[in-house]
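To start, the structure under review is shown below, and the notes come after it.
The values are calculated or read from the model by the stated rules, or taken from the named source; none is laboratory data. Small disclaimer: the values here were computed from a predicted structure and weren't measured. Cβ placement follows ideal geometry from the backbone for every residue including glycine, while neighbour counts extend to all protein chains displayed. Heavy atoms of the whole protein, side chains included, go into the accessibility calculation; ligands, DNA and RNA do not. Shrake-Rupley method; radii C 1.70, N 1.55, O 1.52, S 1.80 Å.
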Amino acid sequence: MTDREFVQELRAIVGKANVLDGSVDLQLYQYDGFLEERRPDAVAFVHSTEEVAKVVQVCNRHGRPFVPRGGGTNLTGGTIPFKGGVVIEMIRMNRILEVDTASLWARVQPGMFNLEFGNALAPLGYQFMPDPASQKASSLGGNVAENAGGPHCFKFGVTTNHILGLTVVLPDGSVAHLGGTAPDPAGYDLTGLFVGSEGTFGICTELVAKIARLPEGLKTLLAIYDDIEAGSKTVTAIVAAGMIPATLEMMDQLVIQAVEASIHCGLPLDCATVLLIEVDGLKDDLELQAKAIEDICMAHGAREVRVAKDDAERALLWAGRRGAFGAVARLAPSFLVCDGTVPRTALPEALRKVAEVALKYDLRIPNVFHAGDGNLHPLILFDWRDADQKARVIKAGMEILGLCAALGGTISGEHGVGLEKMDAMRLVLSEADIEAQRRVKRTFDPDNLANPGKMFPQPEEVASAQ
Amino acid sequence: MHSDLNGLRGQLEAIVGGAQVLEGAARTAAFAVDGILPELVVRPGTQQEVAQVVAACARVGAAMIPWGEGTAIGLGNPPARAQVVVQMGRLNRMVEWDPANLTVTAEAGMRLADLQETVARSGAILPLDPPSDHKVSLGGLVAANQNGPSRLRYGTVRDWLLGLRVVLPDGQPIHCGGRVIKNVSGYDMNKLFIRSLGTLGIITEVTFKLLPMPAQWAGAIGLFPGLDGPRAAVRETLASFLLPESIDLLNPEAVELLAPALTLAPAPGSWGLAVALAGSPETVARQARDFAALFQAHGGTLVPVLPGQTGRTWKAVRNLLDAAQPDNPARILCKITVPIARTSDLVASASEQGRFGGLRAAVMAYAGSGVIWALYLPAMGALPGASTAAALEALRAEAVAAGGSLEIHGAPPPLKRQVDAWGAGDSGLAMMRRLKQEFDPRGVCNPGRFVGGI
């Protein structure tokens, strides 16, 4: 079958205007937030579970791969059509279908942006907990596929902890309803298995999300340090004092300077690091909690602790944190985000070693990260036009993942494996562990059509021959 | 004994030592599953021995049933085959306890209570409170997904489990997850094994994240003349800012069961609400006030649970149904799940005596979570009639219509042969069967007990 005939079949399902196959159009769908690029054969905009199922059935019939895409904010190449085929663009499936505040769930389509969902729930007094920093532009379906995290995940858990059920189109084009609106459905936890499968088990076309009451109150603090190690030791001290703040975020000097240049949120340019700490819950003890945290910060060498006086000040501090990745673009044309995670107490050592990697490869590596989770985000700056620099960046990134693994951590906290970390899987998993994962993949997708070429390292003999 | 198993016994003895292989009805009787005696009970002492035992059983196609403390052994259908019970009690060691990072790793045969006691000494809690929590093993906790009242505040096993070691049905050990609190390095393989009831392998080690211990616990029990008061109180609680650990709704039979342990003196026919609180003294005091007012507003009589009484009180509440006539072979224990707002409706339905031929049920619900437990206690030696099966099916139909399910967690084997323990399952069942086929093509791991005959 020619590409032309294949595209005709897709058009028959979703409508002529909803399939792109022109060269310029396709270029727009060949990249995401990672460094690789691969052009799809076609892009299909879908509007319903039935359309997704039919498109997948056509792909099946012709042995063409397919890759779902939402906001395209993925940082590891998860949305890049590595083996060509069809990009299934979910972004028009962006409605809330039903909200049941009495049973604390909402049924929503996967193309809706995370922040839009939050903004729709807030007037009702409810929220969806996962809040990736990209929430303005990342879709709920993408959050499910990547098991996304975010600042509030320290206290409230990641996406998988907030999904009750999924409607999915499996790689054979059949539709399955996993879980639902009641807890503990019988059988294997296919919903839990599907979350974080990076589009390799099929496509989520509807989700039942748990929602929660907005908290009665919150307090936001900014602790400012002249020494980055003091900042990271504070993180452990706060938890040791029996407190689980809603967020515990950290930014280093390079990031602060970039954020200030672009957002002007009043961060001191001369400090080594800041911790952005928020406590929430019943209002009765928030003042006391904030005071206790302030005391711990000061006892661990903070030079100043600011408490946001009102919502406007709080919003400004958060705008700085949420805008950090964007602001860092001021420092260099490109950056690679590492996503290694370490046990919280290993943070000071991990940060020291990341700085050593920067020296070794002659690269600048600012840090902005979820300190409470031990989830680092070293941003390795470079110029994509410089091939030598790019090669050093890839080596430095791998070395950072290696040091996280060696400190008892792992290679990805929330961004996923995608194309970026396939070979790094061996840093934390044995061949038997990886083979068990391959068996699950084979079970869901025996013909390897759902987002192929991702997640798994090359077979060991191939890897060692290189 | 089957001739293949004769050879197996020798192999198992070579792995674990002769004293750790039990044979003969007198020695295996304590390990009957739905009335079926295993031919052998083997007690491995290390994770490596578990792998060797599983490999040896797999080679001869002997069906294995993993057994921790047996607290959830009543869950599921009667086994299709039951040659070897793999008893995990000797794997009861702490592997790594990291107070600063609030993570803990232990062997799967360790009792939850022992782990909780150890971490509590360093000011940490694992906030899981399943029934029989004095006894339940960590592996059983995960494999049977056993959760308790405080799931309202803290969630369930899947929210606290960071990592697992599992021996697959062919004897291959694997590791899932890790010991960091966020981890997307590959698929979330932990989820494959939580609530898989030993059908995909045997869990040998678990890693959990923990919480700092709350400064204070307290609570309140409200006694109400009918169901309307507690129903409204639960609805208002969930719509409020209040963050209790748990809200348990008890029908009059459950209140009667609870009364002696707590020296309550309920008026006949009283319904109960038990609310557990934890946190700073300020938030506990405020919530105690708010719940007192809420109970009174809905016609309830308040029985405060003071900070010094909480341990005993909540232990009595969460173990209420498991502790009632545990040796009565006719007892029937069901778990019903529905969307949260439908909980009270199903509590009412499960309590209807007429439906069960006059059989009274003690019903307790995790009212903010959509989970209802119903315990039916026929007279000792009574055989369940067709009417009991029909009544259970009708109750299941109501739960399914509401979007939920009904599971049988314990029943006499004749009843289990009339009523499936799980119900029909959802549209994921075909994929579940394929997963089972991929990982256990010979059906040696707990065959027949799970959903859809898996």
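Miscellaneous remarks
- Accessible area per residue for the range B:59-145 is 30 Å², calculated with a 1.4 Å probe on protein heavy atoms, without ligands, DNA or RNA.
- Linear extension gain, A:Ala432 paired with A:Asp388, 0.36 nm per residue minus alpha-carbon span: 12.3 nm
- Inter-part distance where the range B:180-225 and the range B:406-454 are each reduced to a Cα centre, Å: 23 Å
- Euclidean distance between Cα centres, the range A:326-367 to the range B:235-258, Å: 48 Å
- Estimated FRET transfer efficiency (A:Glu304, B:Arg121; beta-carbon r; R0 41 Å; 0.05): 0.65
- Segment B:Gln48-B:Arg442, length gained on full extension (0.36 nm per residue, minus Cα span): 139.6 nm
- Using a simple spin-label model with pseudo-atoms 7 Å out from Cα toward Cβ, B:Arg93 and A:Ala312 lie 6.3 nm apart.
- In the range A:297-392, the trypsin sites (Lys or Arg not before Pro) that fall in loop regions by DSSP, at most 12 other Cβ within 10 Å: A:Lys309, A:Arg330, A:Arg385
- In range of the label at A:Leu124: residues from the range B:336-374 whose backbone nitrogen is under 14 Å from the point 7 Å along Cα→Cβ: B:340-341
- The residues of the range A:120-164 present an accessible area of 26 Å² per residue when probed at 1.4 Å with all protein chains retained.
- Residues of the range B:163-195 with an amide N closer than 16 Å to a point placed 7 Å from the Cα of A:Glu349 along the Cα-to-Cβ direction: B:179-180.
- The alpha carbon gyration tensor of the range A:1-116 gives principal lengths a ≥ b ≥ c with a/c of 1.5 or higher and a/b no greater than b/c, which makes the shape oblate.
- Principal-axis analysis of the Cα atoms of chain A puts helix A:387-406 at an angle of about 70° to the longest axis.
- In the A-B interface, the accessible area buried, summed over both sides, Å² (probe 1.4 Å): 6400 Å²
- Formal net charge of residues neighbouring A:Ala53 (Cβ-Cβ distance under 13 Å; K, R +1; D, E -1): -2
- Using a Förster distance of 30 Å, the FRET efficiency for B:Ala386-A:Glu98 (Cβ separation, nearest 0.05): 0.15
- Residues in the range A:219-265 that, when all protein chains are in place, have 20 Å² or more less accessible area than the chain alone would give (probe 1.4 Å): A:Val239, A:Gly242, A:Ile244
- For the range B:382-442: rounded, prolate or oblate by the Cα gyration tensor [a/c cutoff 1.5]: oblate
- Whether the range B:347-432 is rounded, prolate or oblate, judged on the alpha carbon gyration tensor where a/c under 1.5 counts as rounded: oblate
- Inter-centroid distance (Cα atoms) of the range B:42-68 relative to the range A:289-311, Å: 54 Å
- Within the accessible area of the range A:1-148, the carbon and sulfur atoms contribute 49%, probe 1.4 Å, all protein chains present.
- At R0 = 41 Å, FRET efficiency that the Cβ-Cβ distance of B:Asp345 and A:Asp270 yields, to 0.05: 0.10
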